[in-house]
Structure formats: C-alpha cells, structure tokens
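The values are calculated or read from the model by the stated rules, or taken from the named source; none is laboratory data. For clarity, every value in this text was computed on a predicted model and none was experimentally measured. Every residue, glycine among them, receives a Cβ derived from its backbone with ideal geometry; neighbour counts consider all protein chains shown. Remember, those area values only see protein heavy atoms, side chains included, never the ligands or the DNA or RNA. Shrake-Rupley method; radii C 1.70, N 1.55, O 1.52, S 1.80 Å.
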Amino acid sequence: GRSSTDRQFMFINGRPVDLPKLSRIVNDVYRSFCSFREYPVFAVSFEMDTAMYDVNVTPNKRTVFIKEVLKLQALTKAYFTKIFEPS
C-alpha cells in the first residue's frame, strides 16, 4: 500500500477517467481487510457500451457520467471484496 492515492487509475474503454466514488469503494474495501492506513495501488479498466456513459461533462473528458452508476458501484464492491478477502 501507499500513503496517498497517486497510483490509482481508472479507465473506460481505454480512456483515463476520474471516478472518485468508485475509487473510494475500492479504498474502503481494501481498508476493511487491512489493519493499516494505506491505499492500494490499482489500475481498473471497464469496458462498456458508449451509450452507457457520457464523456462530455468537462473539457478534459476525465469526468464522466455513467447511466447505471449504482449497478457499477455494486459490481465494483463485490469484485474487490472477493479479491481482498482471504482464501
């Protein structure tokens, strides 16, 4: 782990994006399994139909609007919980 979130990257269809709520979910799941106050290093790449998100929210196109964001948040939490839980 690291002391900051500077090594956390998310992509949608290869485009770098800022998804703070999803990053927070990953961080919270990680911390629920680790006793130290560090942040995980990760790169997450989502592949989705272009009709499911809009990149035209900010000029740099890093902020995106995802139509089914609650579903994506639930799937992300379930996925990372499975990864971090002891086997």
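Considering each residue of segment 1-20, count those that are in contact with a Lys or Arg (Cβ under 9 Å, 6 or more places away or on another chain), open to solvent by 30 Å² or more (accessible area, probe 1.4 Å) and either in a loop (DSSP other than H, G, I, E, B) or of a type in the set (A, V, I, L, M) (or both), and give that number. Here the count works out to 2. So E68 clears everything in (1) among the acidic types (D, E); (2) more than 21 Å from T5 (Cβ to Cβ); (3) surrounded by 13 or more Cβ atoms within 10 Å (Cβ to Cβ) except one condition, right? Which one? Exception for E68: condition (3).
Restricting attention to segment 34-87, the residues that are without any contact (Cβ under 8 Å) to a residue 40 or more places away in the chain and hydroxyl-bearing (S, T, Y) add up to 7. When each of E47, E85, E38 is tested for being out of contact with any His (no Cβ under 9 Å at 6 or more places or on another chain), surrounded by 12 or more Cβ atoms within 10 Å (Cβ to Cβ) and charged (D, E, K, R), the lone residue that passes is E38.
For every residue, the table says whether it meets (1) open to solvent by less than 50 Å² (accessible area, probe 1.4 Å); (2) of a type in the set (A, V, I, L, M, F, W, C).
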position: L22; (1), (2): yes, yes
position: V26; (1), (2): yes, yes
position: A43; (1), (2): no, yes
position: M52; (1), (2): no, yes
position: T58; (1), (2): yes, no
position: T63; (1), (2): no, no
position: L72; (1), (2): yes, yes
position: T81; (1), (2): yes, no
